[in-house]
Amino acid sequence: MAFELNNEDMSQVLSFIPSYEGKIVLELGDGVGHFTSELAKKAAKVIALDSTESVVKKNDSINGYDENAEFKCGDVTLPDLTFPAESVDLIFSNLLLTNLSDKQIEDIAGKLLKWVKVGGFIFFIESCSLQSGDHKHKSHFREPRFYTKVFKECYISNGSGNSYELTLLGSKFIGTYERDVKTQNQICWIWQKVVSSEDDKGFQQFLDNVQYKSNGILRYERIFGSGYVSTGGIDTTKEFVAKLDLKPGQNVLDVGCGIGGGDFYMAENFGANVVGIDLSVNMIALALERAIGLKCSVEFEVADCTKKSYPDNTFDVIYSRDTILHIQDKLALFRTFYKWLKPGGKVLISDYCRKAGTPSQDFAEYIKQRGYDLHDVETYGQMLTDAGFEEVAAEDRTEQFKEVLTRELKRVENEKEEFIKDFTEVDYNDIVGGWKAKLVRVGSGEQRWGLFLAKKK
């Protein structure tokens with residue numbers, strides 16, 4: 001049985017939905033119609049679909065619904081239910097997918113992608129769990145990563161040769177609801193239909209299938225600490241965030257948020273409103289799971305920071321940890337950061353760097369194999385200055401990097417048996433070998449680590 005949101009949570013959900021004023025809305029599984037009347041207040045038309053005929057008749061007979069609400073009986077899981085392609089602007093569902101099988105959800109995702117207009121949105125709320133499918137009950141309280149993966153991997157083509165996919169605009173933990181059989185954690189997702197681009201997907205697929213497989217992320221988290229996949233985990237996070245002088249209500253953008261540890265820290269301890277973006281679907285899926293049960297203002301989105309757009313003067317802080325090494329045109333990105341920041345806003349970045357001069361052949365091959373774009377600390381800082389920032393502090397933190405790497409390596413070696421029990425001996429050897437290789441590169445002086453802090457005028 002679906003849990004009903006209270007008025008506060010309903011208001012939160014409605015504020016999170018993309019604009020639908022004057023648009024065509026398809027509501028799936030409208031049930032008792034709590035959201036139908038709200039959607040109908042602004043939409044040009046709401047088509048409210050439910051598979052139970054008695055529910056449809058009851059809702060259709062209730063006085064008070066706007067004339068633009070049309071109630072229809074139909075089961076979205078059945079092949080004979082269809083709507084014209086690209087006929088609706090927003091598809092909305094509340095706690096529908098929980099009651100369906102994995103295969104049904106995969107099939108429905110393709111239908112919804114076909115029905116929604118290009119540029120239109122799919123918004124759904126689902127009850128989730130930290131454990132996959134609960135087979136003791138009719139409902140399936142899945143891990144959030146399941147929904148993220150299914151909808152992100154959904155593609156269709158039309159007769160003209162155009163391909164379309166869904167891009168995740170945002171996701172948010174709404175709340176936890178107690179019942180005698182299970183605790184339900186409700187999360188909402190916003191997807192937008194866009195034209196597919198093989199070029200855009202290439203690097204993302206590399207991240208998710210090679211560098212940041214789910215198992216690989218969990219191995220990193222085991223070393224860095226719960227919620228973290230960046231150097232030093234909570235310790236460096238506390239040190240660096242202290243430089244930002246965060247205030248309650250300030251808006252923070254975390255570029256390359258990973259699985260969200262830094263975002264939760266800033267939101268819970270300083271009352272900041274944090275938006276975390278990352279190109280890795282696997283990272284965002286795990287970040288959503290880490291958000292369950294936390295009462296703080298954090299949203300996550302699968303996004304490419306070089307293609308993302310925000311209004312000028314949106315954020316008080318832009319924060320990024322060991323991510324921008326992947327970006328080739330850093331100056332262009334920093335100029336974009338400058339526009340997104342409010343006057344007086346700050347940017348804080350930690351990132352891999354290299355020593356000045358020509359790298360050795362071995363290190364050059366390492367950079368090429370990883371696809372990194374590395375600069376010496378001074379040049380990196382100069383790019384921030386060239387982008388318009390002032391009070392630029394560019395610090396070489398390589399010695400701190402070396403100390404952190406050594407400490408992390410020692411910890412995982414001391415916990416070898418537990419690590420192998422939770423993962424495998426191959427995983428253990430990969431991690432230990434990787435950390436030792438980092439220490440060699442750092443020890444040679446070729447690989448550096450920089451910390452950069454700057455301010456918008």
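The values are calculated or read from the model by the stated rules, or taken from the named source; none is laboratory data. None of these values were measured; they are calculated from a predicted model. With ideal geometry, Cβ positions are generated from the backbone for all residues, glycine too; neighbour counts draw on all protein chains shown. The protein model used for the area step is the full one, side chains on, heavy atoms only, and it has no ligands, DNA or RNA in it. Shrake-Rupley method; radii C 1.70, N 1.55, O 1.52, S 1.80 Å.
Observations on the structure shown:
- Computed over protein heavy atoms with a 1.4 Å probe, the accessible surface of the chain works out to 45 Å² per residue.
- Using a Förster distance of 56 Å, the FRET efficiency for T379-D107 (Cβ separation, nearest 0.05): 0.60
- Packing rank of 242-249, 427-434, 266-273, where each peptide gets the mean count of other beta carbons within 10 Å, highest leading: 266-273, 427-434, 242-249
- Electrostatic tally near S320: other residues with Cβ closer than 10 Å to its Cβ, Lys and Arg +1, Asp and Glu -1, net -2.
- Positive-pole candidate from V347, S93, G271, dipole of the chain, charges at beta carbon: V347
- Within the chain, percent of DSSP bridges classed antiparallel, to nearest 5: 50
- Accessible surface of the chain, 1.4 Å probe, proportion on carbon and sulfur as whole %: 47
- For the chain, the relative contact order works out to 10 percent when only alpha carbon pairs closer than 8 Å and six or more residues apart are counted.
- Counted residue by residue at 0.36 nm each, then reduced by the alpha carbon distance between them, the extension gain from K368 to K436 reaches 22.5 nm.
- Heavy-atom accessible area ranking, 1.4 Å probe, most first, across K149, K416: K149, K416
- Pairwise FRET efficiency - E153 versus K410, Cβ, R0 = 35 Å, nearest 0.05: 0.35
- Rounded FRET efficiency, nearest 0.05, which uses the C-beta distance separating A332 from N99 and R0 of 51 Å: 0.65
- Full extension of the segment from L14 to S360, taken as 0.36 nm per residue of separation minus the current Cα-Cα distance, would add 119.0 nm.
- The angle between the Cα long axis of helix 102-115 and the longest principal axis of the Cα atoms of the chain comes to about 80 degrees, rounded to the nearest 10.
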